[in-house]
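Notes follow the structure.
The values are calculated or read from the model by the stated rules, or taken from the named source; none is laboratory data. Only a predicted model underlies this, so the values are computations on that prediction, with no experimental measurement involved. With ideal geometry, Cβ positions are generated from the backbone for all residues, glycine too; neighbour counts draw on all protein chains shown.
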Amino acid sequence: MFDAVRQGFKNARLSLSSKRSLTEADIDQAIRDIRLSLLEADVEFGVVKSFLSSVKEKALGEIVQLEAGKPNKRKSVRPGDHFTYICLKELEALMGPQDTELAGNKSISIMMVGLQGSGKTTTAGKLARKLKKEGRRPLLVAADIYRPAAVEQLKTLGRQLGVPVFHEPGADAVTQCVKGQKEAHKKGCNAIIYDTAGRLAIDAQLMDELEAIKAEVDPGNILLVVDAMIGQDAVRTAKAFDEALGITGFIMTKLDGDARGGAALSIKSITKKPIKFLGMGEGMEDI
Ligand code: GDP
């Protein structure tokens, strides 16, 4: 999924590999290669710009000036490799620190949020399976009441996985979650996953409902599920959900498809929230 990005860094490295010293023009050429590949991978323009400006600043400071100061000194590290190292460190700063932990020890509570079709219900099933494998007793709550198929889909997944699914016909979304929480206590479940509704686009009614659910059940984890295929739009979606709900992390789905992966870099950079999981297929184990 990161092929385009990889190619850009490779080209940049190749263009510098034969050089024994670097000028600002060399650095600019390498940065152009990387810029193209990041944009091609769908990384948001502003993120690309700020990433490359810190790479350039460091490269000028650490490589070009260093060399200007010591023109005859034999170097053990080639400037091209040093440039690659600077890119790596900046990428790590952009994407890191690695954090795939879910909050909650005795009991884990996860609220799944995101646009319709992003993969919330499927990912709720995947997480239930994962938590069960880790020895927990999960309960799934079907709170996407506007799409009857979503409730049925979750019930089917629950049956497949041997995980109970709570749903009270006719109750509103907030009540589903509050009653689901009580049910989890009653059944002795120590992980609860709320599958909430999505819309085709962000709207105030959806956000109000999600805020009300958050206020009532106080989930330790609010995970935004984002379809990697939506590319640049992912940033707007992530910003809106984060501002309204304070997400604790996000899950990017459909990375097994044609998605170019850049949205992951953009969301991480803009929200500063960790990528908790990646969805790599429709199967329950593809996470
Ligand atoms: P929801 O509306 O957010 O609950 O989305 P669904 O869970 O119903 O998923 C929408 C579609 O995306 C379904 O056909 C899923 O099988 C599919 N899907 C979800 N996650 C992935 C993934 O990681 N890879 C692929 N290829 N398809 C996925």
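Worth a mention:
- Test result for Ile110, crowded, with 19+ Cβ neighbours inside 10 Å, at pLDDT below 85 and out of contact with any Lys or Arg (no Cβ under 8 Å at 6 or more places or on another chain): no
- Only one entry in Ala124, Ala149, Ala142 is within 14 Å of the ligand (Cβ to nearest atom) and without any contact (Cβ under 8 Å) to a residue 12 or more places away in the chain, namely Ala149.
- Among the candidates Val43, Val64, Val48, residue that is modelled with pLDDT of 85 or more, in a helix (DSSP H, G or I) and over 14 Å from Tyr85 (Cα atoms): Val48
- Close pairs (6 angstrom Cβ cut-off, 6 or more residues apart or separate chains): among the polar types (S, T, N, Q) in the stretch 235-260, surrounded by fewer than 21 Cβ atoms within 10 Å (Cβ to Cβ) anywhere: Thr248/Asn221
- Flag for Ala184 being part of a helix (DSSP H, G or I), at pLDDT 95 or above, buried (at least 17 other Cβ atoms within 10 Å of the Cβ) and small (Gly, Ala, Ser): yes
- Those residues of the stretch 102-120 which are in contact with a Gly (Cβ under 9 Å, 6 or more places away or on another chain) and more than 16 Å from the ligand (Cβ to nearest atom), in sequence order: Leu102, Ala103, Gly104, Ser107, Ile108, Ser109
- Every residue from the stretch 1-32 that is within 14 Å of Ile63 (Cβ to Cβ) and surrounded by fewer than 16 Cβ atoms within 10 Å (Cβ to Cβ): Ser17, Lys19, Arg20, Ser21, Thr23, Glu24, Ala25, Asp28, Gln29
- Options Ala103, Ala142: the member that is in a loop (DSSP other than H, G, I, E, B) and within 22 Å of Phe241 (Cα to Cα): Ala103
- Residue, nearest to Ala93 (Cα to Cα), within the stretch 246-273, restricted to residues that are more than 13 Å from the ligand (Cβ to nearest atom) and surrounded by fewer than 17 Cβ atoms within 10 Å (Cβ to Cβ): Lys272
- All of Ala204, Ala191 fail the test of being more than 16 Å from the ligand (Cβ to nearest atom) and touching a Pro at 6+ places or on another chain (Cβ under 6 Å), apart from Ala191.
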